[in-house]
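Let me begin by presenting the structure, written as structure tokens, before commenting on it.
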Amino acid sequence: MANLWVKKSIASLQSEVEGETGGLKRTLGARSLVALGIGAIIGAGLFSITGGAAANNAGPAVTISFIIAAVACAFAGLCYAEFASMIPVAGSAYTYSYATMGEFIAWIIGWDLVLEYAVGAATVSISWSRYFTKFLGYYDIHLPASMTMSPWDSALLADGSTVHGMINLPAIFIVVLMSLLLVRGTKESAFVNGIIVALKITVVLIFIILGWGFINSENYHPYIPLNTGEFGSFGWSGVVRAAGIIFFAYIGFDAVSTAAQEAKNPKRDMPIGILVSLVICTVLYILFAHVMTGVANYTNFQGADGIAPVAVAIDHMGTMGANGIIVPAYPWLNKAIIIAILAGYSSVIMVMLMGQSRVFFSMSKDGLLPKIFSQVHPKFGTPSKSNLLFMLFVSLFAAFVPARVVGEMTSIGTLLAFVLVCVGVWVLRVKQPNLPRAFKTPFVPLVPILGILSCVFMMVFLPGDTWLRLIIWLAIGFVIYFGYSIKNSKLNNPKN
């Protein structure tokens with residue numbers, strides 16, 4: 001059993017990176033890392049989840065839910081920043097756990113990160129497919145409904161008939177496109193991501209600025225609607241449940257840490273990339289939610305999915321006509337929002353796929369996964385074979401699994417990862433307090449403890465079936481670890 005807890009020393013991790021040749025290329029500066037974080041964060045949560053969380057759980061107080069989720073992320077972000085500056089390697093939380101809590105916990109977190117990155121990329125690609133289909137509809141291009149949904153989904157057509165899905169082809173398309181871009185190179189991917197980030201931030205700011213003038217203060221009363229008698233349905237329990245749901249909107253800032261081995265100056269730039277991207281997105285999220293619930297009453301978002309919540313808000317930005325119907329002042333804004341969403345989702349998918357391949361890159365180098373995941377392309381300097389394998393895996397998820405299922409799996413997987421990173425910082429401060437740290441998490445152990453408690457708190461508020469899927473997923477991981485990984489681990493089997 002002692003072999004389960006074997007640890008990698010911090011010194012060996014640092015020497016591996018410093019003496020590495022033929023590995024990942026260092027091409028990213030602080031600005032690129034901030035853009036990487038923003039590119040991963042602003043996406044599905046902001047445009048798709050905000051309206052539903054307001055309509056079903058928190059009402060206008062969804063802004064408080066964003067703050068609660070942001071505080072939990074801030075605690076975890078400070079811990080990530082310390083680790084990323086101290087251990088600038090590609091494995092993120094997996095590597096941090098290996099150094100502090102041993103191989104078995106590291107395996108759990110590495111396997112858990114599949115939920116965050118690979119399954120998260122599948123979730124966003126499904127949303128991308130919905131928006132892409134709607135965008136084509138503006139130009140009278142209509143894809144067969146059965147080719148844009150999983151077999152578990154159905155849609156009501158204009159003629160009243162119901163069509164069942166077969167395969168989600170647009171979702172497959174965007175996953176393949178982003179994967180091929182990642183194979184081409186990190187520098188090229190970062191350049192494309194920077195353009196996308198500028199576009200979607202511009203559109204978000206336009207929505208906030210234009211919408212501010214149409215806010216009706218009556219829509220904020222009551223700010224926290226009375227609980228319906230059901231746990232999580234409005235009241236403070238609804239606000240906290242909404243925080244757990246919209247936590248998905250913050251997933252991504254930790255993906256910056258997976259690029260540590262490709263950063264030019266990781267000790268300085270990694271904390272900047274993680275914390276600055278988180279702060280910028282938090283401010284934008286709160287303002288966006290405030291405007292959204294101010295121009296339209298939260299009850300107007302009930303039953304809305306996809307683009308509908310944002311479209312409802314935009315439709316309320318106008319003047320009342322003689323027939324009692326609001327005439328939108330900015331009818332073009334819906335198309336602009338969809339373009340920003342399509343671009344934004346593309347960057348989220350790209351960063352999550354990159355994060356996943358980098359985690360498996362580290363696990364493969366440690367012997368816990370087959371060598372194919374750590375083979376670097378001789379020309380592009382990227383783990384190309386790993387990228388292509390995840391292209392296949394994520395495409396299958398996106399094509400055949402409902403969005404709700406993968407979305408909830410992503411949230412609980414990420415929260416668990418955050419908990420273990422916070423534990424790791426605390427453990428390392430106690431056991432190795434004199435290690436050099438370019439960035440130090442303030443108020444240890446208070447900040448790690450608050451990070452653990454806030455993340456566990458939100459996990460408790462997630463639906464029970466989400467916990468069941470997490471347990472099943474981890475059980476599959478245990479089978480792989482005891483069947484393959486422990487036998488091939490380089491630390492447990494130095495002769496391998």
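General observations
- Relative intensity of the range 438-496 on a log10 scale, I(q)/I(0) at q = 0.14, 0.20, 0.23 Å⁻¹, equals -0.75, -0.82, -0.84, per a Debye sum over C-alpha point scatterers of equal strength in the absence of solvent.
- Of the peptides 266-274, 453-461, the ranking by mean beta-carbon count within 10 Å, highest at the top, reads 266-274, 453-461.
- Size of the range 223-295: Rg and Dmax of its alpha carbons, in Å, are 17.1, 54.
- Scattering profile of the range 337-496 at q = 0.18, 0.19 Å⁻¹ [log10 I(q)/I(0), Debye over alpha-carbon scatterers]: -1.42, -1.41
- Here the translational diffusion coefficient of the range 206-336 follows from Stokes-Einstein with Rh set to the Kirkwood radius across Cα pairs; for 20 °C and 1.002 mPa s it amounts to 124 µm²/s.
- Across the range 357-447, the fraction of Cα-Cα pairs farther apart than 19 Å, rounded to a whole number, is 63%.
- Direction-averaged projected area, Cα convex hull, the range 92-134: 2.8 nm², rounded to one decimal.
- Relative pair counts by distance (%), Cα atoms of the chain, 10 Å bins: 4, 20, 31, 26, 13, 5, 1, 0, 0
- As a length-normalised measure over Cα pairs under 8 Å and 6 or more apart, the relative contact order of the chain settles at 32 percent.
- Rg to Rh, two decimals, where the range 45-134 supplies the alpha carbon set and Rh follows Kirkwood: 1.08
- Long-range amide H partners of GLY318 with built H, under 5 Å: ALA329
- Distance between the C-alpha centres of the range 422-468 and the range 336-370: 24 Å, rounded to the whole angstrom.
- DSSP loop GluC sites (Glu not before Pro) with at most 13 other Cβ within 10 Å: longest gap in the chain: 231-496
- Among the DSSP helices (H) of the chain, those spanning at least 27 angstrom by Cα along their long axis with an average Kyte-Doolittle hydropathy of 0.0 or more are 62-86, 118-137, 186-212, 266-295, 333-365, 403-431; this is a geometric and hydropathy rule only.
- Global size of the range 314-370: 22.4, 71 Å for Rg and Dmax (C-alpha atoms, Rg to one decimal, Dmax whole).
- Global geometry of the range 140-202, whether rounded, prolate or oblate, following the gyration tensor of its Cα atoms and the 1.5 cut on a/c: prolate
Every read-out reported here was derived from the displayed coordinates using simple, explicitly stated rules and does not represent laboratory data. Bear in mind that the values here come from a model prediction, so they are computed numbers and not experimental data. So basically every Cβ, Gly included, is an ideal-geometry build from the backbone, and we count neighbours across all protein chains shown.
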